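Written below as structure tokens is the structure these notes are about.
No lab work stands behind these numbers, since they all come straight from the coordinates. What you see is a predicted model; the values in this text were computed from it and never measured. Quick reminder, even Gly has a Cβ in these numbers, built from the backbone with ideal geometry, and neighbours come from all protein chains shown.
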Amino acid sequence: MSDFDDKPIKTTEEDKFGFKPLAETVANAISNMTAPEGTVIAINGPWGSGKSSFINLVQRHLCDKTEDGDLKIVDFKCWWFRGQEALTIAFFHELYSAMKPNISQQAKKIIPKLVPQLLIGASPVVDSVAGMPGSILTAFKIITLIAKHIKQDETAEKLHKQLSDALNQGSKRYLVVIDDIDRLSQDEAMLIFQLVKAVGGLPKVIYLLAYDRQLAKEIVATRYPSEGSHYLEKIVQASFDLPEPGRMSLKREFLRRLYNVIEEKEFRNVVYFDNLYAGIIAPEIKTPRILIRILNSLKITWPAIKGEVHPTEFLCLETWRIQRPNLYAALRSNKILLTGSIDDVDFSMRQWLEEKPSPQRYTKIFLETEPSSEHERLRHGLMGLFPELERAWGDANQIVIPPDMDLQRRVCSPRHFDTYFRFSLSQHQIRRHEIEPLIQKAGDFDYIRGSFLAANEISQPDGLSRATHLLYELAIRTDDIPDDLIGDLLKAIYSIADSLLEKEGNNMWWGTVRQLDRITDELTLRRLPLETRSEVLLNACGQASLGYLSRIANGAYDQHFPTKGNRSKPQTECLMTEAHAVEINDIALARIREAKTNGSLINCPLLDRVLFLWRRVDEEEVATWISEVTDDNIAVARLAKAFISLVSKDRLLDHTMPLETALRKKLGHAVDLEQFRIRANRAMSKGNLQAEEHEILRSLLEAWQKQEHCKNNTEDV
């Protein structure tokens, strides 16, 4: 077989599956048959097992052993011809063409006479030969012409004997090779067996047939139920099973070819690959042809997503796509069940996912179309790729999700799942070659800023900017950032953090905040000792934008001086030392007052963090500022957004907590809530707000109204 198609091999040097010994044995046996009488040798093997390669090796050995040229090989390509009549004509034409140069003139006339006798009772063949090769069509015309002049006493038996005598007088032997019987229809395959039987017993003629014995038995049983397998036994004198390639031979050849396709670093995880190969891939590769089909597919699909998926896992899914299309389709259609991604599902679906799922239901979804004998093995393989399935099929109480599933771009990652089944990246995903320059130039302040600001102008189909997706990829590659460049990278990112947040709008900004927090934690808290990370963070915040500066300052301060009811963290778990936490709060407060003075404070994307920090220091100053800015309707909408952000966590934890109570908990008396509500209603009625600003005010006022309605109903009762 070649490295791309499944053309059969032609030389012993190409033999990778141990066909050579049996091929030599069969060739020697044929070579030593000095006086064969229509001997039929059969080679049995399932589809794709290498029968054609084996036949080629037999012929190669025969060519080497018949130097005197006494053996003529007739290679009959039966699958070239369509229809029973065309097959019959072609068969005899090939036989006639091979024998014609080596027999007497009288014998040459026998074959055209014998053919019509054997075709007696067949349907008209004139229409069936349209489109046949010219030489065969000519042979057919000759046969039909001569048939008109056959004498009544020239029976098939008499003609057969005359041809036998002619062959005995000649010096040539003939090997008729009929391969690819598997490719024929049932009627056509049955015809081949009938033709071999009809002309069987001719001296100096040997037949070498290749077919799937089980398939052949089923064909014969359909036509001759009473005879079954005995029909073939009457025709075939010797039958050999094609050697089954050993698992190690298949694996060795598979890997040899595979390494020419995939050379990714992750592919060299030998233990992980061996486990998945043994459990998923090896059981599917039963023949050389299946091996080639899988690798041929991989050569087409892999280049499109090279470097964007885990190679071993992609190989497993490609194997199933080729061999188990129903299972593959079920996997492609059930991303939520396989990855645990519940961000985009409704509440009822979320509840169902959080419960212990029924093993039977999952078996029905994924394995209903697979043989029950394969279920246990397939379940084990599926759980290896998708840990979420352990909730249904596993014994563990807790699911062990790979901590590096995003970094390794595993199929169980919701972010990368679709790439495995679409053979392309989604528009919002970042290719590895896009993130590499950011890592290599992590210490280049201007390059980092420029790259993120440019990406911030590109909107993605999921509603986020490309900059947020860059942050996500950077967060899972933080181990590649050298320690001495951490401070420079954070300084550049912090300096534009508010611009990144502002771009996302009212509904999407929180995802950007989480990625900024994740990068901060991964680069400092997880890697650097307290004193070092504290110094790094303090320096990085020197040019930080106000909103994210306030967030870091609040977080660092609360770890040492928690609000009532909370505990301070151990020093080793704090972002900064106590002294630096106080210092960064002072820096943030000075920046807040500067922004208040120049009028930019109300535009801060993380205004909730600003208000929380500021109110802790000077509640009266906050109240005065809010009273001043709420004359502006847009400012009212932005304050409403900040209020919603401040109370959202408390409201999630305690649904019974009144809205005003939650706000008081965060802001104390820095806001006259009743006065703010009046101004919010006024801003709603003015109609000069953007759609997002209008929606924020509507949400806040509706929440207030619903709570009052519930409160009044309770009091009436």
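Observations on the model:
- Restriction of the chymotrypsin sites (Phe, Trp or Tyr not before Pro) in segment 584-678 to DSSP coil positions whose beta-carbon has at most 10 other beta-carbons within 10 angstrom yields no sites.
- The C-alpha radius of gyration of segment 358-496, expressed as a fraction of 2.2 N^0.38 Å, stands at 1.39.
- Viscosity 0.692 mPa s, temperature 37 °C, Stokes-Einstein D of segment 212-289 from Kirkwood C-alpha radius, µm²/s: 205
- Spacing of the two label points (7 Å from each Cα toward its C-beta) at Gln360 and Met33, in nm: 5.9
- Across segment 442-534, the volume of the C-alpha convex hull divided among the residues equals 86 Å³ per residue.
- Rg then Dmax, both in Å and based on the Cα atoms of segment 24-85: 13.5, 38.
- Across Lys16/Lys100; Lys72/Lys161; Lys51/Lys197, pairs whose alpha-carbon gap is larger than 31 Å: Lys16/Lys100
- Size of electric dipole in segment 435-551: Cβ of Lys, Arg +1 and of Asp, Glu -1, about Cα centre, debye, nearest 20: 220
- Along the axis of the charge dipole computed for segment 264-310 (Cβ charges of +1 for Lys and Arg, -1 for Asp and Glu, origin at the Cα centre), the listed residues His310, Ile294, Gly279 are led at the positive end by Ile294.
- Between the amide H of Ile73 and those of Leu175, distances stay under 5 Å, these residues lying 5 or more places away or on another chain, with hydrogens modeled in the peptide plane.
- Positive-end residue of Leu546, Pro562, Gln515, charge dipole of segment 509-562 with Cβ unit charges: Gln515
- Calculated on C-alpha atoms, the gyration radius of segment 533-596 divided by its Kirkwood radius gives an Rg/Rh of 0.98.
- Count, lysine Cα pairs under 22 Å in segment 217-341, 8 or more residues apart or across chains: 9
- Here segment 574-687 has an Rg and Dmax of 14.9, 49 Å, counting Cα atoms alone.
- Sequence-distant residues sharing a close amide H with Tyr207 (under 5 Å, placed H): Thr39, Val40, Ile41, Val176
- Taking a ≥ b ≥ c as the square roots of the eigenvalues of the Cα gyration tensor, segment 589-648 is classed as rounded, since a/c falls below 1.5.
- Distant alpha-carbon pairs in segment 512-660 (separation over 20 angstrom), percent: 52
- Considering only Cα atoms, the convex hull volume of segment 163-314 works out to 169 Å³ per residue.
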